[in-house]
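Working notes, structure below.
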Amino acid sequence: MIVPINIYSDDVLRQQALPLEGVDKEVEELLGNMFETMYSAPGIGLAAPQVGRSLRLLVLDISCMREYANVKPMVVINPEIVAVKGYRSMEEGCLSLPGLQGDVVRPSSISLNYRDEHFEGQNAEFSGLLARVLQHEIDHLDGRLFVDRLQKKERRKVQKELDALAAGRFIASYPVVLPVKVNKA
């Protein structure tokens, strides 16, 4: 089932997500919904907080890109980056920030401890786009957005767009949770 994506100003996107204790039917259903939502948007990664669930869980699939056609979709539970190497700048976007993009500097390769969809422990090294997408989605689990990593000058350039997102003035081609407007008395 396609579920709406939470947008920039939603509090769930700024919370430290809670670790999972295991995979049950509810988590399996959530995973299915996350993949369906991600593909429908379309995106290449989606973290549970983006669909309103404060859990340390993410999905990704970069196989839609020709050079990554052989990379299998991934479920990543309770990830922990244990080592990083190199740094590279690359343009990023985010389903929770429709229409917004910016250059973000991130490690070019990471070593990651995590649990897979069967809740089995894994340790692997990732580089290139896969490392970037993992880091972007892990940021969501830590209550961070890619705009938090922009240099101040770049952040100032997108501030009007961020304000428009927070006010609900944007267009998205997929279902979203509109920002809650607070009435000031």
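The values are calculated or read from the model by the stated rules, or taken from the named source; none is laboratory data. Keep in mind it's a predicted model, so treat the numbers as computed, not measured. Note that each Cβ is placed from the backbone with ideal geometry, even for glycine, and that neighbours are counted across all protein chains shown. We work out accessible area using only protein heavy atoms, side chains counted, and drop any ligands, DNA or RNA first. Shrake-Rupley method; radii C 1.70, N 1.55, O 1.52, S 1.80 Å.
What the table shows:
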item: Residue match in the stretch 86-94 (condition: modelled with pLDDT of 95 or more, within 18 Å of the chain's Cα centre (by Cα) and under 15 Å from Asp10 (Cβ atoms)); result: yes
item: Qualifying residues in the stretch 127-164 (those that are out of contact with any helix residue (DSSP H, G or I) (no Cβ under 6 Å at 6 or more places or on another chain), not in a helix (DSSP H, G or I) and not hydroxyl-bearing (Ser, Thr, Tyr)) - the one most open to solvent (accessible area, probe 1.4 Å); result: Gln151
item: From the options Val71, Val82, residue that is β-branched (Val, Ile, Thr) and either in contact with a Pro (Cβ under 7 Å, 6 or more places away or on another chain) or not in a loop (DSSP other than H, G, I, E, B) (or both); result: Val82
item: Flag for Glu117 being at pLDDT 95 or above and either farther than 30 Å from Asp24 by Cα or in a loop (DSSP other than H, G, I, E, B) (or both); result: yes
item: Of all residues making up the stretch 11-44, the number that are assigned to a loop (DSSP other than H, G, I, E, B) and open to solvent by 40 Å² or more (accessible area, probe 1.4 Å); result: 8
item: Residue within the stretch 95-104 that is without any contact (Cβ under 8 Å) to a residue 60 or more places away in the chain and either in a helix (DSSP H, G or I) or open to solvent by 30 Å² or more (accessible area, probe 1.4 Å) (or both) present; result: yes
item: Test: residue in the stretch 51-60 that is open to solvent by 10 Å² or more (accessible area, probe 1.4 Å), of a type in the set (A, V, I, L, M, F, W, C) and in a helix (DSSP H, G or I); result: yes
item: Test: residue in the stretch 36-46 that is under 21 Å from Asn123 (Cα atoms) and either without any contact (Cβ under 8 Å) to a residue 40 or more places away in the chain or not acidic (Asp, Glu) (or both); result: yes
item: Filter result for the condition that a residue is open to solvent by less than 30 Å² (accessible area, probe 1.4 Å) and either part of a loop (DSSP other than H, G, I, E, B) or hydroxyl-bearing (Ser, Thr, Tyr) (or both), over Ser173, Ser111; result: Ser111
item: Filter result for Val23 (more than 20 Å from Gly143 (Cβ to Cβ), within 16 Å of the chain's Cα centre (by Cα) and at pLDDT 95 or above); result: no
item: Pick from the stretch 114-124, criterion in contact (Cβ under 8 Å) with a residue 24 or more places away in the chain and of a type in the set (D, E, K, R), ranking: least open to solvent (accessible area, probe 1.4 Å); result: Asp116
item: Criterion violated by Ile81 - all others in (1) out of contact with any strand residue (DSSP E or B) (no Cβ under 9 Å at 6 or more places or on another chain); (2) of a type outside the set (Ser, Thr, Tyr); (3) surrounded by 16 or more Cβ atoms within 10 Å (Cβ to Cβ) satisfied; result: (1)
